[in-house]
Structure formats: C-alpha cells, structure tokens
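Reviewing the structure listed below.
Each reported figure results from applying straightforward, stated rules to the coordinates on display, with no laboratory input. Source: prediction; values computed, not measured. For neighbour counting, all protein chains shown are included, and Cβ atoms are generated from backbone atoms with ideal geometry for every residue, glycine included.
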Amino acid sequence: MGQIYGPSAQQIIATIVDSAPATLDTLKEIADSINDDANFAVTVTNDLALKAPLASPTFTGSPSLTGTTSVQQLLEKATVSATAANGTINYDLLTNGSVTYYTSDAAGNWTLNVRGNSTTKLNALMTTNQSLTIAFLVTNGVSAKYQTAFQIDGAPVSPKWQGGAAPTSGNASAIDVYSITIIKTADTTFTVLASQVKFA
C-alpha cells in the first residue's frame, strides 16, 4: 500500500494566506497593523462607544472644524433668567451660551464682564484670530437703564459702537439687545464691536 500524502507546507501556507494583500500576509504584519494589541477587539469596542451618535450628537469642549462646513439647521444655547440687570454682570460664556435674556426690568445701569466662567478666562478659551458673538437681551421698564462699561476677564475694554458712539440711555418699556462681537487679535488683546437695538 502506497503512502498517503497530505497537502504540502506550501499548500497550507497558500490556503492560510488566500488572497490577503502583500502587506498583511504574515502574522507579524497583522500584529503590527493592530499595534500588537492583544485586546484589539475590546479597544475598538471601547473607542466606538466614545463616538457621538449620528442622531442628536452632543459635543463638549471646543470642537475645531476646518474646510467648508454646510449646516442646514443650527440650534444655539440661550439662557433665559428672571434677573434684573444691575451692577457688574458676569457673562459666563461656558454656562450662558451665545444668548442671555434677562426678563426682569433692569434695576440700574451695568457693566458687562465677559469671561469663560469664574475659573476660566475668555483669553484661555480663544486663540488669536478667533472671534465670537454674543447677544445680551435686557428688559427695561418705564425707567430705562443701559450698559455703561464693558470688560473681558475683569479688564476694561472700550468697544467700537455701531454708529460711532456708545449708548447714553436705554429704551423704556422695551427689550434692548446688545450684540457684541469679540475678536482676539493677540494675547489678552481684543477688538470689540457692539450695538444696541430696541425691540418693542
């Protein structure tokens, strides 16, 4: 009876390799491609769990987008508060978002101080050549009040006002909207463009 021969070593290797590309046809190349991670499946599963869902994703921090971005709808955070404007008002960007609306009649003229929050400076949140715009909505009763000074991180900044002059009064029985664009031109250096518009 003759000997029975199985497949040769070359045939076994060819079967294992099958049609794998040349860059992944050895065990070393496969190990290198997964960074020698013995728990590769767990690593990938955990990384995928950190991804934002396509439906209603929530982002934290300051995501950076480059190139041209197309947006069909945009929802911005607004803070609505039964607060009366008066004294120094800290506009905490990280908490308030881009729109803040005080619904109680202003009790006095005020200074607006824009910052990240009580522990984070706006200067730390922005890099040079970045800008942001906020809207501060203030309700006025029959005795109207207005913004008399502006600060960033507690330091005075003189805005350039639309029309060339800062407001000298508020508008009675109306909502005054202060639109403020802040452009960081260097470290702790800002150009601020502001306007006051009456809505009644």
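Calculated mean residue ellipticity, 222 nm, the chain: -4000 deg cm²/dmol, from DSSP H runs (n ≥ 4) at -39500 (n - 2.57) each, averaged per residue and rounded to 500.
Relative to the longest principal axis of the Cα atoms of the chain, the long axis of helix 40-49 lies at roughly 20 degrees. Put in order of Cβ neighbour count within 10 Å, fewest first, the listed residues D32, D153, D18 become D18, D32, D153.
Just the projected area, averaged over all directions, of the convex hull on the alpha carbon atoms of the stretch 78-199: how many nm²?
On the way: hull surface 27.0 nm².
Taking a quarter of the hull surface, the average projection is 6.7 nm².
Report the one residue of Q147, N96, V42 whose Cα lies farthest in the direction of the positive end of the charge dipole of the chain (charges on C-beta: Lys and Arg +1, Asp and Glu -1; origin at the Cα centre). Towards the positive end, the residue furthest out is Q147.
What share of the DSSP beta bridges in the chain is antiparallel, in percent to the nearest 5?
Details: 23 of 45 bridges.
So the antiparallel bridges in the chain amount to around 50 percent.
Computed packing ranks the peptides 33-41, 80-88 as 80-88, 33-41, most packed first, by mean other Cβ atoms within 10 Å.
Number of Lys-Lys pairs in the chain with C-alpha atoms under 23 Å apart and a separation of 8 or more places or on different chains: 10.
Rounded to the nearest 20 debye, what is the charge dipole size of the chain about its Cα centre when +1 sits on each Lys and Arg Cβ and -1 on each Asp and Glu Cβ?
I would put it at about 1040 debye.
For the peptides 43-55, 183-195, the ranking by packing is 183-195, 43-55, with the highest mean count of neighbouring Cβ atoms within 10 Å listed first.
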